[in-house]
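Read the figures in this text as sums done on the coordinates, not as results from a lab. Since we're looking at a predicted model, the values are computed, not measured. We place every Cβ from the backbone using ideal geometry, glycine too, and count neighbours over all the protein chains shown.
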C-alpha cells in the first residue's frame, strides 16, 4: 500500500496573531518529505491564503491535510457566513474585508484567485449562514 | 551521514568536554548530540554560528587558526583588519597604536577590509536593478547565514546576492596591488584577523567560489591580547617603531559590518536582522508567505553583527558605540589620519574587482528531509509520529538528543533508541521489562561512566564558568 499521512489543524476566526500556524506546519512537513521546493512554495501560498480566509471571515475552521507520493490534498472547512456568490468571490480584486482587516495587509481580494493559480484543482462549496469548504489539490507526479 | 559538505573551524575537544550538553541545547540547527559523555557534531547540520563556543563552560570547543609564525613564510605580510578590531579597545588605545603593534608583531602592510565596501555597494545596487524580479535579495555578507540558508532554507537559495564579501574583495585588491608593485606572488601572504569562526570556515572551504585570495587566518582574541599587552606595558607606538602608513577609509564604509551597515545604504525597502535565532524566525515567516515587499535583507548570525563575533573580546555594545563615534568623528574631519601609504587605490581597480565579484551558485544542502525518496520519507514520518506518542514532550535532553522530536527522528534514522528516553526507561523498569542495572547501563552509554561517579569537575582544571552559572 502506498504511504499516506493525514494531519489536522484548528483555526480560530479573528485571531490574526496565529494566522499562518497551520500553513507553517504544512511547510515543515513537506520539507521533511523532500517535496520539490517549487511545489512547497505553491502549496504554502495556497494554504496560507486559505488559512487567512478562515481567520478573516469565519468563526472557526479546520484544515485537513492528506499527503501521499502522488498528491497533496488540503481541505479548509469553516463555520462562518458562507459565500453568497462564489463566481464573484473568485474575481481578482473582489473583497468583502473591512477596512480594519485591509489595514493589516489582508483582504486585497486576491485570496481565492491566488489559491486557484497555485493549485492543480480547487473546489469551493458554500452555504450562506453555515460555512465554506475549499478543497485544493497539488499533483506531485 | 554521508559526505561532509562543509569545512568547520569549530573543533570539539573530547579530552576537555565534560558532556554538560550546554552546546547541544543552544545549537540553532540541532547539530549536536551527546554520546559516551561527549558532545558530537553532525557536520552537515552545523552552520558555524558559534553559539556552542559561547555556551561551553570548559573551553572544549576551539576555533582553529593559523599559527602566527606562518606569516614569516612570506616577504610581504599583509594584515587584513576588519573595523571591529578597532572597536575592541577602550578609547585610550589609538588606531596608530594598534597598527604599530601589528607592524611590530611582524606584518609589513595593514589594510582595512571595509575599504572594499564602496565597490561592493555599487555592485549590489547594480545587481538589484538587473535582477528586479528576485525579491528580496539576501546579502551574502555573513557566511554563517549563507550556510543556514543552504541547510534550513533552500527555498531562498536563488535570493542570495552571490557577490563576494568585503573580505574577499579587499584581499583580491591588496594582493593585486602588491603584485603590480613588483611583489612575488609566492612570497605575498594575506592574513585576515577574524572576529568569527564562520569566516574561517568560509575561507578554508568557500561556499561558492573555488579558491580564496586569503592566505591564512588569525583569531581576533589572540591579536587583541597581543596588542593590549603591549599597550599596557607602556608601548607608545611611534617611539619604538615606525608609524605605519595606511589608506584613509571613507567614514560611511566603517560601519558596514555592524547591524544596518548594509541595509541603511540600500535602495528600496531594506531590513537588517541580527542574531541567528532572530534570522531563523524571520526566514520561517518569509517561507510561510507571511512576509512580502522587501527588497533587501541584511542577515547576520551574531547579535550586533560582527561586533558580537565569537572571537571578539570587547563588549559588543561598547564596540558598536566606539565604531559609530569614530565614524562620526571621521565624517566631521576630526579623526587623526595616519599617513597615506600611496600607490594605487582600491577605486583604481574597481573595474577589475567588479568583474571578479560574482561567486558561483550556492547549492542547497537540506538537512530537514527524512529521506530522499518521498515514499520512504512518509514511512519515516509515520514512525516519528508513533514514537512521539510515547515521548514526554519535555525536551530534557537526557537521551542525548536536544528535543523529543529530534530523538524521534534520530531513532527513525537508526542513530538512537527509544530506551534512551529516561521516561521510557522508568516505564520499562516499572513494567519489569528492564532492570535498574540495564537502565544504568543505558545512561552510562549516553553520558559516560564518569557522570555517575561524582566529581565531574577535575579540581585541577576547575571550570571557570560553572560556579557563577
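What is the P(r) of the stretch A:4-139, as percent of Cα-Cα pairs per 10 Å bin from 0?
So the P(r) values, bin by bin, are 13, 47, 33, 7, 0.
Can you show me the helix-derived [θ] at 222 nm for chain A, built from DSSP H runs with n ≥ 4 at -39,500 (n - 2.57) apiece and divided by the number of residues, rounded to the nearest 500.
Numbers: 5 runs with 49 residues, N = 141.
My calculation for chain A gives -10000 deg cm²/dmol from helical runs alone.
How large is the direction-averaged shadow of the alpha-carbon convex hull of chain B, in nm²?
Reported value for the Cα convex hull: 25.5 nm².
Compute the angle between helix B:316-331 and the longest alpha-carbon principal axis of chain B, please, reported from 0 to 90 degrees and rounded to the nearest 10.
The angle comes out near 20 degrees.
I'd like the antiparallel share, as a percent to the nearest 5, of DSSP beta bridges with both residues in the protein assembly as shown.
Details: 39 of 60 bridges.
Counting DSSP beta bridges with both partners in the protein assembly as shown, the antiparallel share is about 65 percent.
Hey, what's the Kirkwood Rh for the protein assembly as shown if you take every pair of different alpha carbons, in angstrom?
Details: mean 1/r = 0.0367 Å⁻¹.
Hydrodynamic radius (Kirkwood, Cα only) of the protein assembly as shown equals 27.2 Å.
Can you tell me the 0 to 90 degree angle between the C-alpha axis of helix B:166-180 and the longest principal axis of chain B, rounded to 10?
The answer is roughly 40 degrees.
Which value in nm describes the separation of the simple spin-label points at residue B:457 and residue B:354, placed 7 Å from the Cα toward the beta carbon?
So the label points at residue B:457 and residue B:354 sit 5.8 nm apart.
Given chain B, what percent of its DSSP beta bridges are antiparallel, to the nearest 5? Don't skip to the end; give the middle numbers.
Details: 8 of 29 bridges.
Restricted to chain B, the bridges split so that about 30 percent are antiparallel.
Once both axes come from the Cα atoms, what is the angle between helix B:374-390 and the longest principal axis of chain B, in degrees from 0 to 90, rounded to 10?
It is inclined by approximately 60 degrees.
Hey, what number do you get for chain B at 222 nm if only DSSP H runs of n ≥ 4 count, each worth -39500 (n - 2.57), divided across all residues, to the nearest 500?
Working: 15 runs with 161 residues, N = 469.
Mean residue ellipticity, 222 nm, calculated: -10500 deg cm²/dmol.
Does the stretch B:314-423 classify as rounded, prolate or oblate by the C-alpha gyration tensor (a ≥ b ≥ c root eigenvalues; a/c under 1.5 gives rounded; else a/b over b/c gives prolate, otherwise oblate)? Intermediate values should be presented prior to the final figure.
On the way: a/c = 5.44, a/b = 2.22, b/c = 2.45.
Oblate, because a/c is 1.5 or more while a/b does not exceed b/c.
Starting from a Cα-only point model with no solvent, please compute log10 I(q)/I(0) by Debye for the stretch B:88-180 at q = 0.24 1/Å.
Log10 of I(q)/I(0), two decimals: -1.19.
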